[in-house]
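Any read-out appearing in this document is the output of simple, stated calculations on the displayed coordinates, not a laboratory observation. The structure presented is a predicted model; accordingly, all values stated were derived computationally and were not measured. Note that we place each Cβ from the backbone using ideal geometry, even for glycine, and neighbour counts take in every protein chain shown.
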Amino acid sequence: MFKAKKIAAGAFALCFAAAAVGCGGSKDDSSSHVDQVKIEDTDKIEAIPDGADNELEWLSYFDINPTKGAEKRADLTLFEKKGGKINYTSTTSLTKYDTLANRVLANDVPDMFWYEQKMTFPNYCVKGMFQPIDDIVDFDSDLWADVKDTADQFTLKGEHYVAPVKYVANSVLTYDKDVIEACALDDPYELYMNDEWNWDTWYDMMDEYVKGAEGDEQRYGVNGWFAPFIFQSTGHTLIEYDADKDEYVSNITDPNFDRATDLLYNISKNGMYYGDWVGQASDCFKKNILFFAMGPWAASDTHTPRDGSNWGIVPIPSDPNADAKYTSVEINAYMWVKGSTKKEAMKTWMECAKLVNTDPTYIEADKEKFFVNNPNWTEEMYQMAYSELSSSNWVQLIDPGYGISTTLSNDDAAANDTKEAVVAYMYSSVMKTDDDGAQYTWTQLRETYSGTIDSELKTFNEEYKKFIGK
């Protein structure tokens, strides 16, 4: 099944350019149209009670409403209609947890903090940075019931810590439909809709495309961020929670990963992988790269297709041997900082944030704004990028390996050349080479890092057991 051409690793942009396609933007008058999409009040959420503290401190490296104009985000607008106010305290992406820890230790706590896959759970929950949310979120209610299964994966001592308000695709494959047609390849979207989009069809398509290069033409199959999702599409992750043992365990010897790494190894070995950073879909296509694997952000807004473009989007392909379509998604959620006592305001904010991502009225308003700024997107692209992976067609995995320890999980603290913590490095490194140009094998990587993984898990599980009182 496997063949390929050569590229490298990273998180970038991918596809091929039959015609030079740039990165466009919306018309100058779009903002006035966007401002006309008004956010109405709702009786589905109760106002903050009189006498309750209505101001929340948001500690983050980004503002919930960074714009200087009158228009605010829908959730913030609704929260203000319910009597709330959010005060932004700035920190940096690299120092955010240190800042939070110092505030908690000083008993000078902010109220809320952004959930991130890396380090927030379980690590910093076990370290006492956050508090359970069961007093402010009813997962059996109509508003929250649809995320209960996911929230149940974020529990400690039977209490929930994370309430997803929105799911966003971590990475999708963007491609140029005109290139697909010119090369007489099957449209990936049609393959997906026919339940035929998997590792095999993806690999064979890239193989055929790369082999079709003529003369001095250089073609590639894929660029960007996709390796972790190939592992996860098997239904398993490098580190998993063992409910019987009530601890986190290494899954590094799972035979499913032999298949996943064979695929990734051959994509790189056979020249299909372009490993340099590209950054947006249009630039990727100019380099004759068939697929650009990245979050939808890299094909929208300032990276949106220009007039005349004909792009498509599909999910990262599924494992043909798995019993379902598995993926991990980016979870948008707000953590309740330990020590915050503003229960009523936090409850109202969480409900506002969830409602605007659940109620059709608000969803349509958000979608309308998106298409104003991205007029060359299609309904098909929007569905694949923003709805499909959170649908019942997919099973969402939580990957605990990103939240165990600094060594295993925190890329910001990584000292290696690729600035990847061990888990992220393991997911992508069969596509990398050593200093002599030899490509790493999965066997080599397992032997090199299994001891580190076991040691880090031992330390974390001791802390975890102490936290839960065992």
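Numbers below:
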| item | result |
| --- | --- |
| Members of K325/K369; K338/K466; K82/K157 lying beyond 22 Å, as alpha-carbon distances in this model show | K325/K369; K82/K157 |
| Pairwise FRET efficiency - N321 versus D301, Cβ, R0 = 30 Å, nearest 0.05 | 0.20 |
| Highest to lowest packing among 365-377, 42-54, 397-409, 325-337, scored as the average C-beta count within 10 Å | 397-409, 325-337, 365-377, 42-54 |
| Net +/- balance of residues flanking A414 in space, Cβ distance below 13 Å, scoring K and R +1, D and E -1 | -2 |
| Fraction of beta bridges assigned by DSSP in the stretch 183-322 that are antiparallel (%, nearest 5) | 40 |
| Global geometry of the chain, whether rounded, prolate or oblate, following the gyration tensor of its Cα atoms and the 1.5 cut on a/c | oblate |
| Beta bridges by DSSP in the chain, antiparallel share as percent, to the nearest 5 | 60 |
| FRET efficiency, A438 to A182 (Cβ-Cβ, R0 22 Å, nearest 0.05) | 0.05 |
| Estimated distance in nm for a label pair at A415 and D216, the labels positioned 7 Å out from Cα along Cα-to-Cβ | 4.5 |
| All lysines inside 18 Å of K432 as judged from Cα atoms, apart from same-chain residues fewer than 8 positions distant | K3, K5, K6, K269, K419 |
| Ordering of 170-182, 445-457 by packing [mean C-beta count within 10 Å, highest first] | 170-182, 445-457 |
